[in-house]
Every structure is written in C-alpha cells, then in structure tokens.
Amino acid sequence: MAQSDAAYIDYDTFLDPDFSAASFANTLVTNTNNINDTQVDLSTPLSRVLFDVQEIDTHIHNLTTKSALPLLEYTQDRAKSSQHILSEVEEQVLSLADGYQHLEREVLRKWAGAEEARVAAQNSWATLRLARAVARCISLGRQLEGQIAEVTGRAGGKDDHRAMVRAATTILMLRQMFSAIGEGEEGQGLDRVKVIRTLRSDLVIPAENTTKARAQQVINRFSVSSLLVDNSISTATGNGAQSPPPASSTYAQTEETKSRLFSAITTLYLLSPTPKAGVRAVDFQPELLLSTLQGYIHNSLTSSLSSLIRGLATLPTLDRALLEVSSRCQDLAALESLLGGLKRPSHPLITTSSNPRPESETESEEGKTLLQPVLQVLDTSSLPSYYWRSLASSLPARVQDILNRGGAAARTLRSNRDRLRGDLRDCVLRGSRLPSSIGKGHNGKGRTTVVVGNWEREAAVMVSSVVGALSR
C-alpha cells in the first residue's frame, strides 16, 4: 500500500525546493483537458487535487497513529535534555554573574577609585606646574623690574650699563616662558592666567622697549675720537696750546666707552628676533643690532656730508669740518676693531652646532665675531672704506650745486683747488688710522695696527669727488 501510495503521489514534485503551485496547476489542467476545446473543465483536476490531499492526510494520520509513542518519547527526551541543559546553563550563568560581581568589587570599583585618584593627581600636578610657572614668571618680573631701575638710574645711583645685559637675559627667559605654552611644556596654561597677561603687557614689553632704547642710545652716542688726544688731531687743530688730559683719565674714559658699547651690542644681539626653526649661532642674523648699527653709520654719513658741504661753502671753516669728518671715520674704525674682537654672545634660544660647515679656520673665526654680519649687510669689506666711498658718491652733486650758485664760495673753491686736494687726502688718511688708545682689545692686550688697507685709493676717490667737479 505504501509503495502504491508512493507511486501514485509524486512526493518528489511536492518536496522539490523549486516547486511552484501555479506551474503544477497549469500542468494538471493541461493534462486533463484538450487544448483545442474552447471550454476548460476544472472539475477533474480539482477532484484529483482533493483526492491527493485526502491521501496525504490519511498517510500522515496513519504515521502519527502508529508512531505516536515513539514520537512522544522522543519529544519527552528532547524536553528533558533541554531542561537539563537549561539548568546547567543557569548554574553557569549564576557562577558567571557571581564572578562578575566579585570582579566588579575587586577590580572595577577599585579601578574607578584609582581613575579618580589619577585624574585628581593629574589636575593637581597641572595646577602645581602652572603655579610654579606663574611664580617663576613673577620672580623674573621682580628681577627685571630691579634691573630696569639700574638701567635707568632710578635705583638711587648711576645707571649701570651692565644691567642692560642682565635685563636682556631676563627678558629672554620670560619670552621663553611665554612661548612654551604647548601641551606638556613648562609654560602650559600661562596664556590663560590674567596676572601673567598683565605682567607681560605692563612690565615685560615696556621693559624690553626701554632696554632696546637705552642700548640704541649708547650705540648712537658712541664716539672715541672725542675722548682721545692724538698727535694727528692736535696738529690739525692748531699750535697745540690746549693741554691734553691725563693719560689715565683718557684711558679710563675710553675703556668705559668701550664697555658701554659692548653691553649695548650684547643687549641688542640678545633682544633681536630669533627664528622659530632651529638656527646655528654662526648663521643667526641679529636684525635689531644690525639695523641699529646701520642707522649709526647712516647718521655719521649724513652729519659728515652736511659738515663737509658747509666747510666747502665757507672755506675758513673747512679745517674744522674735515676734523669732524675724520673723527667720525675714526669712530667707525674703532667700531670695526671692537666688533672684530667681540665674539658672538651666548644666546639661550640659539643652538650651537658642534659640527660646523667645512671652511677654513680663518673664515670660521671671522664668522664667530659680530663684524662679519655688519660687513655682509653693508656689502663691504671695511667700515672706513664704506664710509669714504659713500661720502664720495654724494659729494659731486653737492659741490656742483655750490659752483652753480656762483659767488665768492665758488671762486674760493676753484682758487684753492691744490689746498683742497692735500686737505682731503690728509683727512682720509687721518680718519682711517685707528687711534692708539683703541689699539687694545677688550682684554687689554695691545695691538700696534688694527685697521689695514690701501687708504691712498680711498683718498684718491675723495679728492676726485671734489676736485674733479671743480675741473669741469
């Protein structure tokens, strides 16, 4: 019976995963009807389908009736197994829950407490570090305030030029603190502290401006020729009736002038803007110092040109004008000598490289002094040479103006052409010689000759700039 049922009902068709009821119905209708008939008989296929359903239902009923006990036993075994598994799983879950609670008590809560302690310690350390930075800035501010009082002479005594260097160093320390505000740096958070902002705006910036101004004033007033009584100057001024000051007094004044100049140069070097990227000390260009020295040289040229033109326009005053011109050149020669003997100061914000670029020892030593940057920015090999050539380049047009105006001044110039030639030559040679008192370096070791060069050529250029215009 089972074989006939199996043969009668196509279980494979019904159990096929791709079974389609629509396709099966279409096949059944097609097989039970003539495709040429206009009427379709649906009762036959429907009866067959119902019969198949009844057969399948009967088959299922027979199977469940005969196998009821095995099915119930199987279901009961599955239920017991499931219950057993569930009880075991529940025990494991309870054990895991107990373990988690124990872990929470032993680890998580302690970790939470430790995390709170860590955050508190971190905040306390940040507060302590900020407090230390603020205290250091305030201490440096008080130190700077006292140094500025020494610089300006408000401390009850004479102004101390060495205090400028100390003040510049303190300003650099404060500048370093103000710039180190990054994450993990010493001054982190300083920019948010009001007292530090007040300190910077009310003390540090004015103190820096005061120190710069005082150092620039010292450089602009630098003059050793007015303190020296040289044989050449005495000869130029007249018959020597004026007695020179004592040598010890002149030496002390000269040393004081040089010491002031060194302090001012060091101060401006330290206060010059430093690049953000690392730079070697030998490559550092102290812009503030260089601009101040350029201004000093420019003022000397302007004053010398005005004095010389007045002397040429009024010939009786020419000797005094030439003396002033040569004295200013002596100041530049002295400045060149002092710069050549002054090594670059140690700058806390600039690294010094232990492996310099390949170069000769002479070039390396020159690069360590402050003279080389000045000569480079002026594009010259010597300050006196730069002075005379710049002066000579401006003279022809001014002399031509005097000649164009005519009158007694023009006639006097033309008639004293030979005298002018000799006076101008003597002026250049006298001004290009370094005074004997400056022939000593900062360490007191004397040198016989400091300024060298072919000054006859510079003298010829100066003579040509004046006498050449008279010959036209």
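The values are calculated or read from the model by the stated rules, or taken from the named source; none is laboratory data. As the structure is a prediction and not an experimental result, all values here were calculated from the model. Cβ placement follows ideal geometry from the backbone for every residue including glycine, while neighbour counts extend to all protein chains displayed.
Every residue, every condition in (1) basic (Lys, Arg); (2) out of contact with any helix residue (DSSP H, G or I) (no Cβ under 7 Å at 6 or more places or on another chain), yes or no:
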residue	(1), (2)
Gln101	no, yes
Arg105	yes, yes
Glu116	no, yes
Trp125	no, yes
Leu128	no, yes
Arg162	yes, no
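What tally of residues in the stretch 7-17 results from selecting those that are in contact (Cβ under 8 Å) with a residue 24 or more places away in the chain and assigned to a helix (DSSP H, G or I)?
Residues meeting the conditions: 1.
Looking at the stretch 21-29, can you tell me whether even one residue there is assigned to a helix (DSSP H, G or I), in contact with a Pro (Cβ under 6 Å, 6 or more places away or on another chain) and surrounded by 10 or more Cβ atoms within 10 Å (Cβ to Cβ)?
yes
For residues that are acidic (Asp, Glu) and over 20 Å from Ile9 (Cβ atoms), tally how many sit in the stretch 19-56.
2
Just wondering, is there one or more residues in the stretch 103-122 that are assigned to a helix (DSSP H, G or I), polar (S, T, N, Q) and within 30 Å of Asp191 (Cβ to Cβ)?
There is at least one residue in the stretch 103-122 that is assigned to a helix (DSSP H, G or I), polar (S, T, N, Q) and within 30 Å of Asp191 (Cβ to Cβ).
Out of the stretch 227-280, which residues are modelled with pLDDT of 60 or more and over 27 Å from the mean Cα position of the chain (by Cα)?
Of everything in the stretch 227-280, those that are modelled with pLDDT of 60 or more and over 27 Å from the mean Cα position of the chain (by Cα) turn out to be Thr250, Tyr251, Ala252, Gln253, Thr254, Glu255, Glu256, Thr257, Lys258, Ser259, Arg260, Leu261.
Could you check the stretch 165-214 and list, in sequence order, the residues that are closer than 21 Å to Thr266 by Cα, free of Cβ contacts under 8 Å to residues at least 12 places away in the same chain and among the polar types (S, T, N, Q)?
Asn209
Can you name the helices (runs of 4 or more DSSP H) wholly within the stretch 130-220 that have at least 1 residues being under 23 Å from Pro275 (Cβ atoms) and touching a Cys at 6+ places or on another chain (Cβ under 9 Å)?
The qualifying helices (runs of 4 or more DSSP H) are 162-179.
Cβ-Cβ under 9 Å, sequence separation 6+ or interchain: first residue in the stretch 123-140 and more than 17 Å from Thr198 (Cα to Cα), partner surrounded by 11 or more Cβ atoms within 10 Å (Cβ to Cβ). Which pairs?
Listed pairs, sorted by first residue: Ala126/Gln188; Ala126/Gly189; Arg129/Glu186; Arg129/Gln188; Arg129/Gly189; Arg132/Glu186.
Looking at the stretch 295-310, can you tell me whether even one residue there is assigned by TED's automatic domain parsing to the domain that holds Gln372, part of a helix (DSSP H, G or I) and under 27 Å from the mean Cα position of the chain (by Cα)?
Yes, the conditions are met somewhere in the stretch 295-310.
Filter the stretch 316-340 for residues that are within 15 Å of Thr257 (Cβ to Cβ) and either of a type in the set (Gly, Ala, Ser) or not in a helix (DSSP H, G or I) (or both) and give the result.
Within the stretch 316-340, Ser327, Ala333, Ala334, Ser337 meet the criteria.
One line per residue, one yes/no per condition, for (1) touching a residue at least 40 places away in the same chain (Cβ under 8 Å); (2) in a helix (DSSP H, G or I); (3) surrounded by fewer than 10 Cβ atoms within 10 Å (Cβ to Cβ):
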| residue | (1), (2), (3) |
| --- | --- |
| Phe19 | no, no, no |
| Ile35 | no, no, yes |
| Ile60 | no, yes, no |
| Leu71 | no, yes, no |
| Thr75 | no, yes, no |
| Ser82 | no, yes, no |
| Glu91 | no, yes, no |
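Please enumerate the residues belonging to the stretch 409-425 that are over 15 Å from Thr317 (Cα atoms) and in contact (Cβ under 8 Å) with a residue 24 or more places away in the chain.
Arg414, Arg417, Arg421, Arg425
Where residues in the stretch 254-282 are charged (D, E, K, R) and surrounded by 13 or more Cβ atoms within 10 Å (Cβ to Cβ), which of them is farthest from Val399 (Cα to Cα)?
Going through the qualifying residues, I end up with Arg280.
Write out, first by first residue and then by second, each pair whose Cβ atoms fall under 9 Å of each other, whose residues are 6+ apart or on separate chains, and whose first residue, in the stretch 386-408, is among the aliphatic types (A, V, I, L, M) while the second is surrounded by fewer than 16 Cβ atoms within 10 Å (Cβ to Cβ) and not in a loop (DSSP other than H, G, I, E, B).
Pairs found: Val399/Gly468; Ile402/Ala409; Leu403/Ala409; Leu403/Arg414.
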